[in-house]
Structure formats: C-alpha cells, structure tokens
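Peer 1: Pasting a structure here, questions to come.
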Amino acid sequence: SQTIHQWPATLVQPVGSPLSLECTVEGTSNPNLYWYRQAAGRGLQLLFYSVGIGQISSEVPQNLSASRPQDRQFILSSKKLLLSDSGFYLCAWSVGAGANVLTFGAGSRLTVL
Amino acid sequence: AQSVTQLDSHVSVSEGTPVLLRCNYSSSYSPSLFWYVQHPNKGLQLLLKYTSAATLVKGINGFEAEFKKSETSFHLTKPSAHMSDAAEYFCVVILYNTGNMLTFGGGTRLMVKP
C-alpha cells in the first residue's frame, strides 16, 4: 500500500534561520509530488509541484525552494525564514498525467518567531 | 477570478441535524470536483469526487454531493451530523484549462453542537 511521510511534524524556528522539510512516498513509482501551505484562517496554497526527479515548478514566488533528489523524495527549503513563512505545510502525491486525486501527508506545522 | 467559492467560512449545526456545505465553481468546461476533509492538525482526506459520471456522488462517512451544472454547484450534504464530523471541509476543482491543477476553495469549518 502507498504511504506518505512528512517530518518534522512540528518546528519552531527563529527569523533568518534555514528550513528543511522532508517528504517521502512509499509504494508507488513516478508520483507527482506537491507542497502546499495552509496559513491560519486560509485555504491551501500550492507552492511547488514536481512531475519527476529534478523537475520543479513554482507556483508562487517567495523565499522558499523545493528539490526532488530522488523519485519519491520531495524537500522544501529556505535559506532565511520570514515571519510570514509560518503555517501548516502539506506534502501530497498523485499518479497519472492529470492532477487526479491527491493523497496528503499529515503535515508539518512551522512557527517562525 | 476565483474558480471555486465556498459560500460559508463557518457552519454550525446540532448533532443529529442535516449538514449543508455550499460550493460553487466557475468554468467553461466540465470540471472534476472533489470534497476533502481536514481534522485539526491533520492532513486532508478525500471524501468524494465527481468526474462526469453520476451527478449524485456518495462518499465516506455518510456524505454525498450533487453536481448541478445549471447552478455550477457541488454542495456537500449529510442527513445527520455526528460530533466526529467537526472539521474543515474543502471543495476542490480541476479546471482543464489550467493544466489539470487542483484549485482549492477557502474552506468551511463545520462545528457540531451536542
């Protein structure tokens, strides 16, 4: 069966510090991978998606970046966090040419102080 | 222009009474539509999906939604609310003129009173 893991689950970081959130998928090959952010009181905002190793599309310009070093690994990073980066970050995957049905990870809550 | 609109940011019902969460979309094409549920501090879980088959779609936990093209709506309903239904619900649309990307509504927080 397919599973998706995100870590860390909770993170508190000072402004200006780096960030690395990791997401891995098991039980499937060549998934489409996504990073979403959910800020307090808001819906989900698509940050990045990837259709293959090394292929990253950015939906919103910001100080975040994403990388896909392996087929089933998706990493969200920042060199210097801003207060506005606080939020709930969700990794998701789907299979097929279209966006299709997304399966979400449990999320990573980031608080920037 | 907003592609999917959830008309209520908060809905409060009593346990055992019907639930109605409203969703409207704007599209010139036939969309695919989904409802996801998110319990506090959790990821999102698919409730149901419409992909141009039957217009009345049944999902998990007793929820269902009806696609009404004439009204461009996809409202989520449940005959009798349970305390465990308290969560945030997202209406999601795939618009095929946007490269098959998902567009999320702003979410509706459902509160269930005992």
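The values are calculated or read from the model by the stated rules, or taken from the named source; none is laboratory data. The shown structure was predicted, so the numbers you read here are calculated from the model rather than taken from an experiment. Note that each Cβ is placed from the backbone with ideal geometry, even for glycine, and that neighbours are counted across all protein chains shown. Just so you know, the surface numbers come from the protein's heavy atoms only, side chains and all, with ligands and any DNA or RNA stripped out. Shrake-Rupley method; radii C 1.70, N 1.55, O 1.52, S 1.80 Å.
Peer 1: For the residue pair A:Gln2 and A:Val95, what label-to-label distance in nm results when each label sits 7 Å from Cα along the Cα-to-beta-carbon direction?
Peer 2: Those two pseudo-labels are separated by 0.6 nm.
Peer 1: In terms of the ratio Rg/(2.2 N^0.38 Å) built on C-alpha atoms, what value belongs to chain A?
Peer 2: Ratio of Rg to 2.2 N^0.38 Å for chain A: 1.00.
Peer 1: Loop-only GluC sites (Glu not before Pro) in the stretch A:1-86, please: DSSP not H, G, I, E or B, and at most 15 other Cβ atoms within 10 Å.
Peer 2: Those that pass, being in a loop and sparsely packed, are A:Glu59.
Peer 1: Can you pull out the chymotrypsin sites (Phe, Trp or Tyr not before Pro) in the stretch B:1-100 that DSSP calls coil and that have at most 13 other Cβ atoms within 10 Å?
Peer 2: B:Tyr29
Peer 1: Give me the Å³ per residue figure for the convex hull around the C-alpha atoms of the stretch B:55-98.
Peer 2: So the per-residue Cα hull volume is 98 Å³.
Peer 1: If the cut-off is a Cα-Cα distance under 25 Å, which lysines reach B:Lys42, setting aside same-chain residues fewer than 8 apart in sequence?
Peer 2: B:Lys58, B:Lys78, B:Lys113
Peer 1: Ok, one more. Within the accessible area of the stretch B:4-113, what % is carbon and sulfur when the probe is 1.4 Å and the other protein chains stay in place?
Peer 2: 52
Peer 1: Give me the extension gain from A:Val60 to A:Gln73: residue separation times 0.36 nm, minus the current Cα-Cα distance, reported in nm with one decimal.
Peer 2: Computed gain between A:Val60 and A:Gln73 is 2.6 nm.
Peer 1: Given the convex hull over the Cα atoms of chain B, what projected area results after averaging over all orientations, in nm²?
Peer 2: 6.9
Peer 1: Using only Cα atoms, locate the centre of the stretch A:2-37 and the centre of the stretch B:58-90, then give the distance between them in Å, rounded to an integer.
Peer 2: Each part's Cα centre sits 29 Å from the other's.
Peer 1: How big is the dipole moment of chain A about its Cα centre under a simple scheme where the beta carbon of each Lys and Arg is +1, that of each Asp and Glu is -1, and everything else is neutral? Debye, nearest 20, please.
Peer 2: Computed charge dipole of chain A: roughly 220 debye.
Peer 1: Moving on to the next point. Over 10 Å intervals from 0, what percent of Cα-Cα pairs in the protein assembly as shown sits in each interval?
Peer 2: Once binned at 10 Å, the Cα pair distances of the protein assembly as shown give 8, 32, 35, 21, 5, 0.
Peer 1: Can you list the residues of the stretch B:7-31 with backbone N under 18 Å from a point 7 Å past the Cα of B:Met111, pointing along Cα to Cβ?
Peer 2: B:7-22
Peer 1: Write down the Kirkwood hydrodynamic radius of the stretch A:22-67, to one decimal in angstroms, obtained as one divided by the mean of 1/r over all alpha carbon pairs.
Peer 2: In the stretch A:22-67 this quantity evaluates to 11.8 Å.
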